[in-house]
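Peer 1: Have a look at the structure that comes next, please.
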Amino acid sequence: MTDYDLVDYPSKPFPQCHPDRLALMARLFGLKPPPVETSRVLEIGCGDGLNLIASAVVLPGAAFHGVDISAAATRRGRRLIRETGLKNVRLETRDFRDLPPKTRKFDYVIAHGLYSWVPAEIRDALLAGIRSVLSPHGIAFVSYNTYPGAYLRQMVREMAAIAAGTDLAATRAWLESATNLPDAPAIYRAVVADEARDMLRREDGALFHDDLSATNQPVWFRDFAAHAAAHGLQYVAEADLAGTARVSQIPDRLQREQHADFHLGRRFRQTLLCHAAQSVADEPDPAALENTFAGAPVDPAIPHPDGAFEYVNRTGARIRTTDAGHRAILDSLAAAWPVYLPVSRFGRAACPRFADLFAAGILDLRTVAPPAPKRRPARPHASPLARSQTGSGAPLTTLHHLELFIASESLQAVLALADGSRTRAQLLRDLRKLYPDDSREAVAAALEQHLEELRLYGLLLA
Ligand SMILES: C[S@@+](CC[C@H](N)C(=O)[O-])C[C@H]1O[C@@H](n2cnc3c(N)ncnc32)[C@H](O)[C@@H]1O
C-alpha cells in the first residue's frame, strides 16, 4: 500500500506532457525527434494514466505504456481503458525500478510530478532508468519543484505540517488562519497569505500528495542539470516557450537558465532531456515551425482605442497586439477552428510570429494536427474517452488534451450516442426517445446545435 492507494490523485491531461509537445520543442531546438504518430511512449508514475489515455485517442498508431506503483490508480485507469476500447495503451502496476533490464526503448518518456516527491535514491534511479529506456533520438520530460520560488511554498508547507500534520481538515483550518496574520510584517504577511490561498484552492488529492507529502524536495536548476548530465542526459528546453527572462548576456546556456530562475522567481520546471550525444541548439529556431500545424480557439478580436487588438482564447490566455501579421494569423486560425492549419501556408517569414504567439499561449502548435471533422459529419464519432467520462462528474478530456466541463444534459446525451455507428437520422431517432415530450423540430435543432458544439469543443473525431 502506498499513500496513493489511500488518497486518490486523479490524473489530468497535461498539454505540456503530450508527446507531440515534446517533439515540437525538440524540433525548435534543432533535434530530429522520432515521429509521434508511430512512437512508443512511456509514462513513469502515470497515476490512473489519463494523460496517456488522452494521447492514445488522437495517436492511434503510437503505443503508450504507463507504470505506477499504486494498484488503486492503475486499476482506475485500466477500467477507463476497457470502457474506451483503446488497444494502444496499457497500464502496469509496478515500481519503475523493476522494469525488466531488456525493456524495449521508448521515444518519449514522461515523469510528471515524481522527481521532487521521492527520496534521493529514487530520483537517481529515475534519471538512470530514463537514460536506459530512452531511444537514441528520444525526448524525456521531467517536472520538479525549483528554487528560488519553491522556498516560499516550502516555508508555508513546513509550518502547516508542524501545525496540522497530514490531517487535511486541520491543514485547511490552519491555512485559513494563515491567510490573515495581522501582527506580522507586511511582506511576510503577504507571502504567507498568498501561498496559503493557493494551497486552499487545491483539491484534496493534490494538497495531500503535492504539499503534505513527507518528501518534497525542490532543487536548483543547476543541480538538476548536473544530475541529468551525470546520467548521460542533457538539457533540451522547458516544455513551453514562456518564462524566458532578460538574461541573454550570459553566454552559457545552463547558467542563463539558472539566472532566469532568479529573475522569474521560478518554482516549478517541466524540463525536456535527451541523450548527451545529441546536438542541442542554444536558442529556439522558429524556422523549425514551418512543417507544423497551428490552431487557436480564439474569440473575435476586441479593438482598443489605442489601435491594438485583443485576442482571448478558451484557455484564458490573452494578448494585445498592433501587429498586422499577428492579426492575420489569429483571424485565420479562429475562422478555421477546430481545424489546425499548416504553418507553411503563411510562409516561412511568418514562423517567428508563430513562435511569439505560441510563447504567449494564445495558439497551439503540433507536429501532427489533431483530428477535426468538417461540419455535419455523416456518422458523428465522438472521442471514446470523452464518451466514457460523461456522467462521471469528472471533466471531459478534449482531443486537444484539455479539460472541459459540460453542464448540459442533452449535450451529454448526444455525446454518449455519437459513437460513429449512427447516421444523423439514427441519432435523431434515438435522441427523440430520450425527449419524448419535445417536438421533432425542437430535438432536430438541438441535435444539430450540439453536434456543432462537440466539433468546436474538440470532442468529435469524425
Ligand atoms: C504526484 S503523482 C503524479 C501522477 C501523474 N504523473 C500526474 O502528474 O498526475 C506521483 C505518482 O508516482 C507514483 N510513484 C511513486 N513512486 C513510484 C515508483 N517507484 N514507481 C512507480 N510509480 C511511482 C505514485 O504512485 C503516484 O501515482
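Peer 1: Report yes if G61 is more than 15 Å from the ligand (Cβ to nearest atom), at pLDDT 95 or above, at positive phi and surrounded by fewer than 18 Cβ atoms within 10 Å (Cβ to Cβ), otherwise no. It would help to see each step written out before you state the result.
Peer 2: Working: more than 15 Å from the ligand (Cβ to nearest atom): yes; at pLDDT 95 or above: yes; at positive phi: no; surrounded by fewer than 18 Cβ atoms within 10 Å (Cβ to Cβ): yes.
Considered against the rule, which asks whether it is more than 15 Å from the ligand (Cβ to nearest atom), at pLDDT 95 or above, at positive phi and surrounded by fewer than 18 Cβ atoms within 10 Å (Cβ to Cβ), G61 comes out as no.
Here is a yes/no grid of residues against (1) under 30 Å from Q278 (Cβ atoms); (2) in contact with a Ser or Thr (Cβ under 6 Å, 6 or more places away or on another chain); (3) crowded, with 20+ Cβ neighbours inside 10 Å; (4) of a type in the set (S, T, Y):
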residue: G205; (1), (2), (3), (4): no, no, no, no
residue: F224; (1), (2), (3), (4): yes, no, yes, no
residue: H227; (1), (2), (3), (4): yes, no, no, no
residue: G232; (1), (2), (3), (4): yes, no, no, no
residue: V236; (1), (2), (3), (4): yes, no, yes, no
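Peer 1: If I filter the stretch 34-50 for residues that are away from the ligand (no atom under 15 Å from the Cβ), buried (at least 24 other Cβ atoms within 10 Å of the Cβ), outside the structural domain of Y340 (by TED's automatic domain parsing) and among the hydrophobic types (A, V, I, L, M, F, W, C), do I get at least one hit?
Peer 2: Checked the stretch 34-50: at least one residue is away from the ligand (no atom under 15 Å from the Cβ), buried (at least 24 other Cβ atoms within 10 Å of the Cβ), outside the structural domain of Y340 (by TED's automatic domain parsing) and among the hydrophobic types (A, V, I, L, M, F, W, C).
Peer 1: Report the residue count in the stretch 260-269 for those that are surrounded by fewer than 19 Cβ atoms within 10 Å (Cβ to Cβ) and either in a helix (DSSP H, G or I) or of a type in the set (S, T, N, Q) (or both).
Peer 2: Going residue by residue through the stretch 260-269, those that are surrounded by fewer than 19 Cβ atoms within 10 Å (Cβ to Cβ) are 262-265, 267-268.
Among the residues that remain, those that are also either in a helix (DSSP H, G or I) or of a type in the set (S, T, N, Q) (or both) are: 262-264.
Qualifying residue count, the stretch 260-269: 3.
Peer 1: Filter the stretch 93-111 down to the residues that are hydrophobic (A, V, I, L, M, F, W, C) and either assigned to a strand (DSSP E or B) or more than 7 Å from the ligand (Cβ to nearest atom) (or both), then identify the one that is surrounded by the fewest Cβ atoms within 10 Å (Cβ to Cβ).
Peer 2: Our first condition is that a residue be hydrophobic (A, V, I, L, M, F, W, C); within the stretch 93-111, this holds for 96, 99, 106, 109-111.
Right, trim to either assigned to a strand (DSSP E or B) or more than 7 Å from the ligand (Cβ to nearest atom) (or both) and you get 99, 106, 109-111.
Working: L99: 17, F106: 25, V109: 27, I110: 30, A111: 24.
Among residues in the stretch 93-111 that are hydrophobic (A, V, I, L, M, F, W, C) and either assigned to a strand (DSSP E or B) or more than 7 Å from the ligand (Cβ to nearest atom) (or both), the one surrounded by the fewest Cβ atoms within 10 Å (Cβ to Cβ) is L99.
Peer 1: Being out of contact with any Pro (no Cβ under 8 Å at 6 or more places or on another chain) and closer than 30 Å to P13 by Cα is the filter here, so list the residues in the stretch 432-456 that pass it.
Peer 2: Within the stretch 432-456, A446, L447, E448, Q449, H450, E452, E453 qualify.
Peer 1: Which residue, of R345, R353, R327, is of a type in the set (K, R), in contact with a helix residue (DSSP H, G or I) (Cβ under 7 Å, 6 or more places away or on another chain), in the same structural domain as I302 (by TED's automatic domain parsing) and in a helix (DSSP H, G or I)?
Peer 2: Working: R345 fails: in contact with a helix residue (DSSP H, G or I) (Cβ under 7 Å, 6 or more places away or on another chain); R327 fails: in contact with a helix residue (DSSP H, G or I) (Cβ under 7 Å, 6 or more places away or on another chain).
From the options R345, R353, R327, the qualifying one is R353.
Peer 1: Sort out which residues of the stretch 53-68 are free of Cβ contacts under 8 Å to residues at least 40 places away in the same chain and in contact with a Cys (Cβ under 7 Å, 6 or more places away or on another chain), and write them in order of number. Working first, answer last.
Peer 2: Taking the stretch 53-68 first, the residues free of Cβ contacts under 8 Å to residues at least 40 places away in the same chain are 56, 60-61, 63-64, 66-67.
Across the stretch 53-68, the qualifying residues are G66, V67.
Peer 1: Restricting to the stretch 375-396, count the residues that are outside any loop (DSSP other than H, G, I, E, B) and not basic (K, R).
Peer 2: Step one: filter the stretch 375-396 for residues outside any loop (DSSP other than H, G, I, E, B), giving 381-382, 384-389, 396.
Pick out the ones that are also not basic (K, R) and you get 381-382, 384-386, 388-389, 396.
Residues in the stretch 375-396 being outside any loop (DSSP other than H, G, I, E, B) and not basic (K, R): 8 in total.
Peer 1: Do we have any residue at all in the stretch 292-299 that's surrounded by fewer than 16 Cβ atoms within 10 Å (Cβ to Cβ) and over 23 Å from the mean Cα position of the chain (by Cα)?
Peer 2: The first filter runs over the stretch 292-299 and keeps only residues surrounded by fewer than 16 Cβ atoms within 10 Å (Cβ to Cβ), leaving 299.
Right, trim to over 23 Å from the mean Cα position of the chain (by Cα) and you get none.
No, the stretch 292-299 contains no residue that is surrounded by fewer than 16 Cβ atoms within 10 Å (Cβ to Cβ) and over 23 Å from the mean Cα position of the chain (by Cα).
Peer 1: On to the next question. Select from the stretch 129-142 the residues that are touching a Cys at 6+ places or on another chain (Cβ under 8 Å) and closer than 18 Å to D223 by Cβ and list them in ascending order.
Peer 2: A140, the sole residue that qualifies.
Table: residues versus (1) closer than 23 Å to Q270 by Cα; (2) in a helix (DSSP H, G or I); (3) within 15 Å of the ligand (Cβ to nearest atom).
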position	(1), (2), (3)
R76	no, yes, yes
G113	yes, no, yes
L127	yes, yes, yes
I139	yes, no, no
Y144	yes, no, yes
Y151	yes, yes, no
A170	no, yes, no
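Peer 1: Out of the stretch 282-314, which residues are out of contact with any Ser or Thr (no Cβ under 6 Å at 6 or more places or on another chain), more than 17 Å from D356 (Cα to Cα) and not in a strand (DSSP E or B)?
Peer 2: D282, D299, P300, A301, H304, P305, D306, R314
This table checks each residue for (1) in contact with a Ser or Thr (Cβ under 9 Å, 6 or more places away or on another chain); (2) surrounded by 21 or more Cβ atoms within 10 Å (Cβ to Cβ).
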position: S116; (1), (2): yes, yes
position: E121; (1), (2): no, no
position: D124; (1), (2): no, no
position: L127; (1), (2): no, yes
position: G138; (1), (2): yes, yes
position: S143; (1), (2): yes, yes
position: I162; (1), (2): no, no
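Peer 1: Out of curiosity, is D299 touching a residue at least 12 places away in the same chain (Cβ under 8 Å), in contact with a Gly (Cβ under 6 Å, 6 or more places away or on another chain) and not aliphatic (A, V, I, L, M)? Please lay out each step first, then the result.
Peer 2: Working: touching a residue at least 12 places away in the same chain (Cβ under 8 Å): yes; in contact with a Gly (Cβ under 6 Å, 6 or more places away or on another chain): no; not aliphatic (A, V, I, L, M): yes.
So D299 fails the test.
Peer 1: Among the helices (runs of 4 or more DSSP H) confined wholly to the stretch 409-462, which include 1 or more residues that are under 31 Å from the mean Cα position of the chain (by Cα)? Step through it out loud before you land on a result.
Peer 2: Working: elements: 409-417, 424-434, 440-456.
Qualifying helices (runs of 4 or more DSSP H): 409-417, 440-456.
Peer 1: Moving to a separate point now. Would you be able to tell me the number of residues in the stretch 8-30 that are away from the ligand (no atom under 11 Å from the Cβ), in a loop (DSSP other than H, G, I, E, B) and more than 19 Å from R90 (Cβ to Cβ)?
Peer 2: 2
Peer 1: Kindly evaluate P33 against the criterion of being in a loop (DSSP other than H, G, I, E, B), farther than 21 Å from S143 by Cβ and of a type outside the set (G, A, S). Even if it seems obvious, please write down each step before you answer.
Peer 2: Working: in a loop (DSSP other than H, G, I, E, B): yes; farther than 21 Å from S143 by Cβ: no; of a type outside the set (G, A, S): yes.
Spelling it out, it is not the case that P33 is in a loop (DSSP other than H, G, I, E, B), farther than 21 Å from S143 by Cβ and of a type outside the set (G, A, S).
Peer 1: Pairs only if they're at least six apart or on different chains, beta carbon under 6 angstrom, first in the stretch 320-332 and farther than 14 Å from A349 by Cα, second of a type in the set (V, I, T); list them, first residue then second.
Peer 2: L330/V298
The values are calculated or read from the model by the stated rules, or taken from the named source; none is laboratory data. None of these values were measured; they are calculated from a predicted model. Using ideal geometry, Cβ is built from the backbone for each residue, glycine included, and neighbour counts are taken over all protein chains shown.
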